[in-house]
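Pasting in a structure now, in structure tokens, and then I'll have a few things to ask.
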Amino acid sequence: MKNNFILFILLALVTQFVQAQFTLDGEFRPRTEYRNGYGNIIAEDANAGFGLSTRVRVNAGYKIDAYTFYLSMQDVLTWGENRQLLIQDANNSFSIFQAWAEINIGNGWTTKIGRQTIDYDDQRIMGSVGWAQQARNHDAALIKYKKNKFLLDIGLAFNQDKSNISGFSSVGTDFTTAGFFTYKAMQYLYLKQKWDHFSASLLALNTTFQDLLTDGSSAGTTSDLVTIGSHIKYKKDKFSLHSNLFYQTGKRQGGVDVGAYLGSLDLNYKIAPKVGLGIGAEIISGRKDDSAAFFPLYGTNHKFNGFMDYFYVGNHANSIGLVDIHASAKFNLSKKSSLLVKALNFSGAEALASGEKSLGTEMDFVYTTKIKGAKLQVGYSHMFLSDGMYELKGVAENVAADVQNWAWVMLTIKPKFLN
């Protein structure tokens, strides 16, 4: 009788497994970088940076009609970070990158709860920053609706240092983690409608920041920053158009007033089966007497304003604004390989203290090829500095290196263990 019961349980589990969709996959992504002016001007007497890192992920998904569950475990390994025979990882970079469940409510409604990536449109304001080895996630609850070509998302998040369920802790719900616009709370509404060749979206985002004292403790007050705007896209035949228009108002952390904007327009045209051309411009307002600068918050900022990351990637958070005029060409060299060439000219949306606006020109090159299920990318970028860039970055021209460049090689393998 006991054996029959165990057999019944095993058969029930197997039946449930067969009826469900279970996936197990991974990612192995080593990258080598040579940094000789990446992110900032390097001095002539400084040594160029060189390093190797690897992102490793194991992802598991489980889907039935009622819900979907997803778990992604991640570690970022810097080559040589651990001495031999080390008991534990010195870098302590292992993390649960994603852990969420999406529950099917019915009639097009679902709710997605847990640690997750949030990506919208071209990822200008909300993106997962896939280029960064650690990437970005959010602990959030989403209410989602989708019908035909319309979708609606409502997002809610609340962060604190620790959960004090008694209510008597002096810490309460304080959140003293600072930097990179880490928020205490977030609420947003996202709407998107698609047509045959056109789509438009609206994002209204409020982020609440805990104000902190100089010693890093809570000031007991908060500041709310509101970002609202739209992304539009048009694509027909060989032509496509993308545009962003966003406005920020309210207050940054510390109660700094904001009234700032971002606007962009990009045009792309495929002039031949294997050649596509692009041209575009972006303007981002900077710091003024009555306003802090615009900041694109939680977007994939490496994707914009040059791959050398001189702007809005852990830097340039409240400085003069930016005017970015760029042109690109993409060549499909074969069915498995392509070459991207991009030129970007930078200037300040406002003048520096000297009155200078010109910042420089960047050239980016990225070669991509597929090799037996893997993707290999090789990149090179070169920054040609103008007088304004030395002033902006606080590096005297006579001490700066003559060559400011960056090169990298990255291999990406995504095995599917079970699908």
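The values are calculated or read from the model by the stated rules, or taken from the named source; none is laboratory data. Because the structure is a prediction, the values reported are computed rather than measured. Here the Cβ is made from the backbone with ideal geometry for all residues, glycine too, and neighbour counts use every protein chain on show. Side chains included, ligands, DNA and RNA excluded: accessible areas come from the protein's heavy atoms. Shrake-Rupley method; radii C 1.70, N 1.55, O 1.52, S 1.80 Å.
Scan segment 254-301 for residues that are assigned to a loop (DSSP other than H, G, I, E, B) and basic (Lys, Arg) and report the count.
Step one: filter segment 254-301 for residues assigned to a loop (DSSP other than H, G, I, E, B), giving 254-255, 273-274, 285-287, 289-290, 293-297, 299-300.
Adding the requirement that they be basic (Lys, Arg) leaves 274, 287.
Within segment 254-301, residues that are assigned to a loop (DSSP other than H, G, I, E, B) and basic (Lys, Arg) number 2.
Quickly run through segment 242-270 and pick out the residues that are among the hydrophobic types (A, V, I, L, M, F, W, C) and buried (at least 17 other Cβ atoms within 10 Å of the Cβ).
Step one: list which residues in segment 242-270 are among the hydrophobic types (A, V, I, L, M, F, W, C), which gives 245-246, 256, 258, 260, 262, 265, 267.
Hits for segment 242-270 are PHE246, VAL258, ALA260, LEU262.
Hey, any hits in segment 122-129 for a residue that's within 23 Å of THR222 (Cα to Cα) and of a type outside the set (Ser, Thr, Tyr)? Steps first, please.
So the first thing to find is which residues in segment 122-129 are within 23 Å of THR222 (Cα to Cα), and the list is 125-126.
Then keep just the ones that are of a type outside the set (Ser, Thr, Tyr); that gives 125-126.
Within segment 122-129, one or more residues are within 23 Å of THR222 (Cα to Cα) and of a type outside the set (Ser, Thr, Tyr).
Right, something else. Pairs only if they're at least six apart or on different chains, beta carbon under 7 angstrom, first in segment 23-49 and over 30 Å from PHE417 (Cα atoms) and among the aromatic types (Phe, Trp, Tyr), second part of a loop (DSSP other than H, G, I, E, B) and modelled with pLDDT of 95 or more; list them, first residue then second.
TYR34/ALA48; TYR38/MET308; TYR38/ASP309
Restrict the check to segment 207-219 and report whether at least one residue is open to solvent by less than 80 Å² (accessible area, probe 1.4 Å) and charged (D, E, K, R). Let's see the steps before the verdict.
To start, the set of residues in segment 207-219 that are open to solvent by less than 80 Å² (accessible area, probe 1.4 Å) comprises 207-212, 216-219.
Checking which are charged (D, E, K, R) leaves us with 211.
So far as segment 207-219 goes, yes, one or more of its residues are open to solvent by less than 80 Å² (accessible area, probe 1.4 Å) and charged (D, E, K, R).
Oh, and also: Could you please let me know if ASP237 is out of contact with any Leu (no Cβ under 8 Å at 6 or more places or on another chain) and open to solvent by 60 Å² or more (accessible area, probe 1.4 Å)? Full working, then the answer.
Working: out of contact with any Leu (no Cβ under 8 Å at 6 or more places or on another chain): yes; open to solvent by 60 Å² or more (accessible area, probe 1.4 Å): yes.
Spelling it out, ASP237 is indeed out of contact with any Leu (no Cβ under 8 Å at 6 or more places or on another chain) and open to solvent by 60 Å² or more (accessible area, probe 1.4 Å).
Moving on to the next point. Being open to solvent by less than 50 Å² (accessible area, probe 1.4 Å) and part of a strand (DSSP E or B) is the filter here; which residues of segment 375-396 pass it?
Scanning segment 375-396 gives LEU376, GLN377, GLY379, SER381, HIS382, MET383, LEU385.
Could you give me the residue pairs with C-beta distances under 8 Å whose first residue belongs to segment 58-85 and is assigned to a loop (DSSP other than H, G, I, E, B), whose second residue is of a type in the set (Val, Ile, Thr) wherever it lies, and which are 6+ apart or on separate chains?
ALA66/ILE103; TRP79/THR54
OK, next. Out of segment 277-317, which residues are touching a residue at least 40 places away in the same chain (Cβ under 8 Å), touching a Lys or Arg at 6+ places or on another chain (Cβ under 7 Å) and not aromatic (Phe, Trp, Tyr)?
Across segment 277-317, the qualifying residues are ALA292, PRO296, GLY299.
Also, quick follow-up: Collect the residues in segment 127-167 that are closer than 23 Å to THR412 by Cβ and open to solvent by less than 50 Å² (accessible area, probe 1.4 Å), keeping them in residue-number order.
Step one: list which residues in segment 127-167 are closer than 23 Å to THR412 by Cβ, which gives 127-137.
Of everything in segment 127-167, those that are closer than 23 Å to THR412 by Cβ and open to solvent by less than 50 Å² (accessible area, probe 1.4 Å) turn out to be GLY127, SER128, VAL129, GLY130, TRP131, ALA132, GLN133, ALA135.
Further question: Which numbered condition trips up LYS372, out of (1) open to solvent by 30 Å² or more (accessible area, probe 1.4 Å); (2) within 27 Å of ASN244 (Cα to Cα)?
(2)
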